[in-house]
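See below for the structure under consideration.
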Amino acid sequence: MMPMCIVACSAAPAGFVYEGVAPLWLGDGIAQVTVRMKGIEDETPLRAYAECGLAQYALEKGFGFARQIRTNVIKEGGLWTADAVYSVTASLPQGLDTIDVEVTVQACEDSGIPVV
């Protein structure tokens, strides 16, 4: 996510309810993260939550960087769900939209977005 300011520009607003992160290793440098939230009005905080969960998971697995492959978002009533898939690597991948997982985890913690 860094250098973009989607995840951690400011503290998470009161009223956001983080319903959990479910990471899954798919193999070959690919990880999937499913997250659920309530109390949001659009998918931006949900995507940030997914990225925070992915960053912590990648860090725990020994990876330093990630790139988003795709994110599917579903809203049912007041429950939002994101199913996100990322490539993870030990070294900086090519491209502009890379995620430095260590920096992202710290930014998420500073913003009050759960990483586990």
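The values are calculated or read from the model by the stated rules, or taken from the named source; none is laboratory data. Just so it is clear, the structure is predicted and the values come from calculations on it, not from any experiment. Note: ideal-geometry Cβ built from the backbone for every residue, glycine included; neighbour counts use all protein chains shown. Accessible surface areas use protein heavy atoms only, side chains included; no ligands, DNA or RNA. Shrake-Rupley method; radii C 1.70, N 1.55, O 1.52, S 1.80 Å.
Contact annotation: residue pairs with Cβ atoms under 6 Å, 6 or more positions apart or on different chains, pairing a residue in region 66-79 that is open to solvent by less than 50 Å² (accessible area, probe 1.4 Å) with a partner that is of a type in the set (Gly, Ala, Ser), are Ala66/Ala58; Thr71/Ala82; Thr71/Ala84; Val73/Ala82. Just to verify a result, which residue in region 8-46, among those that are open to solvent by 60 Å² or more (accessible area, probe 1.4 Å) and closer than 17 Å to Phe65 by Cα, is modelled with the lowest pLDDT? Checked region 8-46; the qualifying residue modelled with the lowest pLDDT is Asp28.
Taking Leu92, is it in contact with a strand residue (DSSP E or B) (Cβ under 7 Å, 6 or more places away or on another chain), touching a residue at least 12 places away in the same chain (Cβ under 8 Å), part of a loop (DSSP other than H, G, I, E, B) and surrounded by fewer than 16 Cβ atoms within 10 Å (Cβ to Cβ)? It would help to see each step written out before you state the result.
Details: in contact with a strand residue (DSSP E or B) (Cβ under 7 Å, 6 or more places away or on another chain): yes; touching a residue at least 12 places away in the same chain (Cβ under 8 Å): yes; part of a loop (DSSP other than H, G, I, E, B): yes; surrounded by fewer than 16 Cβ atoms within 10 Å (Cβ to Cβ): yes.
Yes, satisfied.
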